[in-house]
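Here is the structure we will look at, set down as structure tokens.
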Amino acid sequence: SGASPILHGDLLIVNAADEGRAVIAFDKTTGEELWRYESRNLELAYGTPRVRDLTGGKKELVLAVPTEMWGLDPVTGKRNWSVTTNMPGNICPSVVVSDDMLIAFGGYPRKSSVAVKAGKIEWTGAITTYVPTPLVFGDHLYWVNDDAEAICMETATGKIVTKRRVEGMVGSRTRSFYASMVRVGDRLIATSRTSGVFVFEAKPEMKQVAHNQLDDDSDFNATHAVATDALYLRSNNALYCVGK
């Protein structure tokens, strides 16, 4: 599976769509399986589940799968609700959580985006992303898609504010970004597979302010990690720590 496991209290929750057509929760200390939610619809669902806050201090596990979005109880694995999205697989990005709005992206061969609020479709759109997960900041969503387009979208409406080519790409733009964008302060950082790391202003205009490259001709597929004073990048060849 392309999904990452997540921790929720004493639980380690795994989207094992490829391995078992199931979402599985384990005791993080003992490894004991505590619950398993199985579904044929989990085929081609590669997103990492997201936990969101509900009223009354409760939590909910949210996952997009081909043609549906689900809300699961993270403690028991019981499905609380589902919404039909008409977005066929593959579903690679994780659901974006913005207050009470849940936004899913992806699909194949028909790619799209869909926002769900209070169990109903709020908006749908044709502008989307195949692998990278967008990030939410303020009233907007930001990402660089697989075809090297920097995109800013209004969260409430799905309206596109900015959509333009990334400057400095080398070779083909097709499937050029697999890593998701990360915000550090007033900067947005996007790691491409073969053309280096791109930095944008964290504003709707998404002004491109930097382009950095390492002497490494292998692919960078993983999303970079941010520490207090360092940036960690992983290629197919090496692990890099970039600091001041």
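Taking Rg/Rh (Cα atoms, Kirkwood Rh) as the quantity of interest, determine which of [x] 0.96; [y] 1.10; [z] 0.98 was computed from the displayed structure. Comparing each candidate, only [x] matches the computed number. Only protein heavy atoms count here; under a 1.4 Å probe, residue 211 has an accessible surface of about 60 Å².
Could you let me know the centre-to-centre spacing of the stretch 60-117 and the stretch 127-154, using Cα atoms, in angstrom? When both Cα centres are located, 16 Å separates them.
Length gained on full extension, residue 121 to residue 184: 19.6 nm, using 0.36 nm per residue less the C-alpha separation. Ranked by the mean number of other Cβ atoms within 10 Å of their residues, highest first, the peptides 128-135, 150-157, 33-40 fall in the order 128-135, 150-157, 33-40. Sorting 67, 174 on solvent-accessible area from highest to lowest, probe radius 1.4 Å, gives 174, 67.
In this structure the chain gives 49 Å² per residue of accessible area when probed at 1.4 Å with all protein chains present.
Counting lysine pairs in the chain that sit 8 or more residues apart in sequence, or on different chains, and whose Cα atoms lie under 27 Å apart gives 26. Accessible area of residue 50 (1.4 Å probe, protein heavy atoms only, ligands and nucleic acids ignored): about 90 Å².
Approximating the spin labels as points 7 Å out from Cα along Cα→Cβ, the residue 97-to-residue 30 distance works out to 2.7 nm.
The values are calculated or read from the model by the stated rules, or taken from the named source; none is laboratory data. All values reported here derive from a predicted model rather than from experimental measurement. Here the Cβ is made from the backbone with ideal geometry for all residues, glycine too, and neighbour counts use every protein chain on show. Heads up: the accessible areas ignore ligands, DNA and RNA and are worked out on the full protein's heavy atoms, side chains in. Shrake-Rupley method; radii C 1.70, N 1.55, O 1.52, S 1.80 Å.
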